[in-house]
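Written out below as structure tokens is the structure these notes cover.
Nothing in this text is a laboratory measurement; each read-out follows from the coordinates by a stated rule. On a predicted model such as this, the values are computed, not experimentally measured, just so you know. Please note: Cβ atoms are built from the backbone with ideal geometry, for glycine as well, and neighbour counts cover all protein chains shown.
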Amino acid sequence: MNDRPAAPAYDRTERPGNVGSVLALAAGLVASVVVFSWLPSPVAPRFAMGVLAFLAVAGVFSLFAYAVGLLQLPGRTAKNDITKQIADTSGDGLLVTEGDTGVVYANDAYMALCGAQEPGGILTVERLFSGPAEVSEAIYRLAQASRGGRSHVEDMRLSPPLAGAAPFAWYRIRVRPLERADGARFALWIVADTTQDRQRQENIFQELQHAIDFLDHAPAGFFSAGAGGAISYMNKTLAGWLGYDLTQVGSGGIALADIVANDGAALLVAGSGGPGEVRTEQIDLDFKRRNGQSLPVRLLHRMAFGHDGAPGNSRTLVLNRAAGEEPEEDLRAAEVRFARFFNSTPMAIATLDADARVIRSNAAFAKLMPQALKGGQHSGEPGWSMLSGVIERDRCALQAALAAALDNKGDIQPVDAALEGAEGAGVRSARFFVSPSEDAGKKGAMIYALDTTEQRKLQEGIAQSQKMQAVGQLAGGVAHDFNNMLTAIIGYSDLLLANHRPTDPSFQDIMQIKQTAHRAAGLTRQLLAFSRRQTMRPQLLQLGDALSDLQLLLRRLVGERVELDFKQGRDLWFVKADINQFEQVIINLVVNARDAMPETGGRIELGARNVAAADCASFNEPSLAAADYVLVEVEDNGAGIAADVREKIFEPFFTTKEVGKGTGLGLSMVFGIVKQSGGFVFVDSEVGRGTIFRVFLPRHVPEAGEIAPKVETAKPAAADHTGQGVILLVEDEDAVRAFAARALASRGYTVLEAASGLEALDLMEKKGKVDLIVSDVVMPEMDGPALFAEVRKRGVKAKVIFVSGYAEEAFAKNLPEGDFGFLPKPFTLKQLIEAVKANLA
């Protein structure tokens, strides 16, 4: 439009003068007022009032000018000098507008585009660019984005250009919002001349067109395809090789799937890349002629990816390997590359003849099924039938899949089969995929296999874990119900014993009933230990002292024919565990080791030592988390445990002992106690050599004051089990409630009986004050925790003792804040009285 040199960059915030000049003017006026105040009346007052009025108007104007930027402090202007200089000298046109028409700033380049010499000649982008509809539409979209406070960019071709003698020019215009610290909103416009970049692109495109024209009659094949696989161009050479008419190409009549054999077309249309990326690959595969014959080719495949990274158009150069157009050394290099790829893939691959014998295979197949390769793998002679590498149970399914491949049947389902392996190596498995194959006119099959041994073990482990969890829930429920019945049996036995002398004929019978009930209670404790629902009373333990206290008992248990040695490390760390449960773990492991000894006897070694976190990996146990532990080891030189038995030893009711000599709950109880204590238990055994059980208990670092000094305690005096007070007994089991009520009443307490939580609340409203509440946990209508919450809500401060066949930890987390006691079932009459006495003290 105009080639005149433009005026310097325009900035609306630049104005002559500053605050200092205004202040000087104000000072002069004030001085005039002072001077004229000495003049005689009435001239002086009138003149002074006029000057003061003028000063007020000038001050308001100065503040307004400073607020909008017409006046600036000298230091503030200097602060932005560097930024402004960068903008002023930018090669792209920069324009800052306020609203639709207000021009705040324009740099030299933009004023040159406008041909403006003065600020009044600066045009907005909307006025500067006008032309055909496509230009107006682009400018409209930019303007809408500016008004909406959004960023936007447009490319447009303008003829004639804004400057120069060329017939047209390309421009790229960007707009983005700006916001000043005081909340004022502006729009920044950036106008760049991209004509030269466009010209370079056009030149490249022209060169590509010339190349395509040349390739149309080149000795190599060439084709281009769209993103969906439709061939848009094919040169005459490739069409001749494949036997196609060029008139069919480009009209959607031919696709990649029509000229590429098998599923090779997927290699040419699939893939992923970065936005705008162009990727070139070398691919060896077979083309399919129109008459069905195959044509081995090498492709130089070039694919462009879109802005979203999706595959786009492609151009491919085709070399005919069958026509000998490839140097021999290149073919050899290709064979070497393929052999390396073939042998390094983790999938096992092999070709079979009609008798299922292995002709060729890769390294993964040789590792998976070495017995199927015996015979002549490297000599070109078929090896043994690959069916010999599969266990007999699964051979029929794999043989049927191979027969379907020989008959060229499609959709052959994969076959899962177990593999023959070395003795003691464990059962391995694989999934086989079978497809038809033909080599030199002979029918055969291609077989692909994936080793699924680890996946199968993982699935079996999950199934085993779910089974153990289900059995644990069942065992916990059974133990809870049994504990209710055993509480009644033991309680009534105590009541009977209280009324019989030891010399009475029935006294020993009653004692036998009570002792048998206690043995049954031991079984229920084992069930609860396995289900991890028993009540734990963890305390600070020094395992060296605990093991020393057990020495005498353990030596009596193992007998004289078994040697028992103790080995303890120095300065064992503290652990936190239930001392009674820990002793039960050690006793069970030692008794099991004793029972594994031959009749001639043997040797058991019991030891404890510290294991630092850094040493955990040396035990080769993946489930052992790296941390500090105290390790307890029980080692014997007995018969050992077979591999198939070792997987089941922690299951409840599993035993290898004779009928009547074991319940199958000992090791399951060990497993449950150790897990409930936050530890791990592992077994390492070899048949004929012996077994080692390792128990890892996490180290506990005691806090200040947690280690209590040892004090000598005097022998306690005989306890007084009588008392007074009102006790509310809440129990849904009639037998347990009746026994407990009789026991408490016989010791002087007033007992209120309730069969549920709701009945207990009614009794409290009717009877008034209650000193102690003894409540079951699991009850119909309202359970013990709900009763506890309701009692506290009503302001009742009576203490509460919960009794349950489950562990305290199983329900304590559901209780509201507050103190309560706990008495596990089954309990004796003495334990009940002592618990009540202690809470009422």
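Listing for the model above:
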quantity	calculated
For the range 693-702, 3J(HN,Hα) per residue [Karplus equation, 6.51 cos²θ - 1.76 cosθ + 1.60, θ = phi - 60°, Hz, x = Gly/Pro]	9, 10, 10, 9, 10, x, 5, 10, 8, x
Taking the C-alpha atoms of the range 534-589, convex hull volume expressed per residue in Å³	82 Å³
Ranked by how many other beta carbons lie within 10 Å on average, peptides 831-839, 760-768 from highest	831-839, 760-768
Theoretical gain in end-to-end length, Ala363 to Glu202 [0.36 nm per residue, Cα-Cα removed]	52.8 nm
In Hz, Karplus ³J(HN,Hα) per residue of the range 741-748 (6.51, -1.76, 1.60; θ = phi - 60°; x = Gly, Pro)	5, 5, 5, 6, 5, 5, 9, x
Per residue convex hull volume, Cα atoms of the range 152-229, in Å³	171 Å³
Burial ranking of peptide ranges 600-609, 485-494 (average Cβ count within 10 Å, highest at the top)	485-494, 600-609
D (Stokes-Einstein, µm²/s), Kirkwood Cα radius, the range 145-295, 1.306 mPa s at 10 °C	79 µm²/s
Fully extended contour minus Cα-Cα distance, from Phe619 to Asp734, at 0.36 nm per residue	36.1 nm
Cα gyration tensor category, rounded, prolate or oblate, for the range 90-186 with a/c compared to 1.5	oblate
Ordering of 253-260, 291-298 by burial proxy (mean other Cβ atoms within 10 Å per residue, highest first)	253-260, 291-298
Cα→Cβ-extended label distance, 7 Å offset, between Ile579 and Ala397, nm	5.7 nm
Linear extension gain, Asp762 paired with Ala184, 0.36 nm per residue minus alpha-carbon span	200.9 nm
Whole-Hz couplings from phi, Karplus 6.51/-1.76/1.60, listed for the range 634-641; x for Gly and Pro	10, 10, 10, 10, x, 6, x, 10
